[in-house]
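Take a look at the structure set out below.
Please treat every number below as a calculation from the coordinates, not as lab data. Because the structure is a prediction, the values reported are computed rather than measured. As a convention, Cβ positions derive from the backbone with ideal geometry for all residues, glycine included, and neighbour counts pool all protein chains shown.
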């Protein structure tokens with residue numbers, strides 16, 4: 001069985017107090033959403049829309065594109081696998097380190113190793129590094145109409161850098177833009193995202209999309225959340241992230257690498273500190289704190305882990321524990 005290599009394995013632990021492993025903001029205020037979903041629980045007694053046309057129309061109107069240029073999916077993961085199915089005759093071009101699902105999807109559908117058709121997977125901001133490809137550079141790259149480009153902007157709400165817009169993408173015949181409502185609204189348990197592209201590309205995805213892929217409560221949440229914000233100010237989050245990095249960089253045996261988002265990699269000096277796997281297990285089992293062991297990212301090893309900024313007091317607690325553990 002092919003298993004996802006996601007690092008947020010909170011479900012494996014019963015005692016976690018602070019989760020630095022997920023890149024999603026861990027302190028979103030979701031009480032109003034929960035109340036709305038509780039009020040709408042009767043919807044689980046009925047089939048939802050086979051396809052999320054109402055949510056697509058709402059999203060399209062809010063971002064200024066046509067409904068034919070957007071497809072709502074069960075998280076951006078769903079879009080990744082749909083696109084991978086559609087272009088199984090293309091050679092995947094995947095940088096490293098980056099999000100593991102691109103390679104997993106390509107392997108599952110047995111993409112050609114050598115093909116004149118190329119499909120480029122670009123995570124921007126990139127996971128796990130938190131770095132952003134400049135918009136000008138990316139626009140120059142995607143203006144190669146022979147190749148297909150998938151630009152995954154799942155973490156677009158966690159950076160101050162300029163990114164591609166939906167309007168720029170729908171004008172091009174070879175680009176998909178992935179968005180994650182999971183990340184934007186901090187609702188990973190509901191699985192909700194959407195993909196934007198040229199009408200012909202989106203229609204091709206619709207033809208292989210399965211019905212009822214979005215459950216009733218996820219659809220309700222997606223509609224209700226339109227125009228709302230559950231994240232802290234991006235400027236504050238970036239400032240706290242840089243403070244967090246600076247504190248870690250003052251410790252012996254760790255190097256917090258540069259980032260342009262709320263998460264970053266930390267390089268461990270294995271002569272002075274435990275490996276990422278040992279560090280993760282000790283923090284989880286002894287202190288109820290979860291970090292992301294980054295050793296299973298292609299291009300990285302057990303001298304790397306990843307963390308995402310949380311509240312200042314929580315960040316400082318992790319810094320103190322990293323200093324203590326040898």
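Taking every pair of alpha-carbon atoms in the stretch 144-196, what share in percent sits in each 10 Å bin, from 0 to the bin with the longest distance? The percentages, shortest bin first, are 23, 48, 24, 4.
Most simply put, the chain has about 60% antiparallel DSSP beta bridges, counting only bridges with both residues inside it.
At the listed q of 0.12, 0.16, 0.20 Å⁻¹, the Debye profile of the stretch 1-94, built from one uniform point per Cα, gives log10 I(q)/I(0) equal to -0.72, -1.19, -1.28. The Cα-based radius of gyration and maximum Cα-Cα distance (Dmax) for the stretch 31-224 are 16.6, 53 Å. Gain on full extension, evaluated as 0.36 nm per residue between residue 301 and residue 317 minus their Cα-Cα distance, stands at 3.2 nm. Taking Cα atoms only, the orientation of helix 53-63 departs from the longest principal axis of the chain by about 70 degrees. What angle, in degrees between 0 and 90 and rounded to the nearest 10, separates the Cα long axis of helix 276-287 from the longest principal axis of the Cα atoms of the chain? Between helix and principal axis, roughly 80 degrees.
Summed over all non-identical Cα pairs, the Kirkwood treatment of the chain gives a radius of 20.8 Å. Going from the residue with the fewest nearby Cβ atoms within 10 Å to the one with the most, 123, 186 rank 186, 123.
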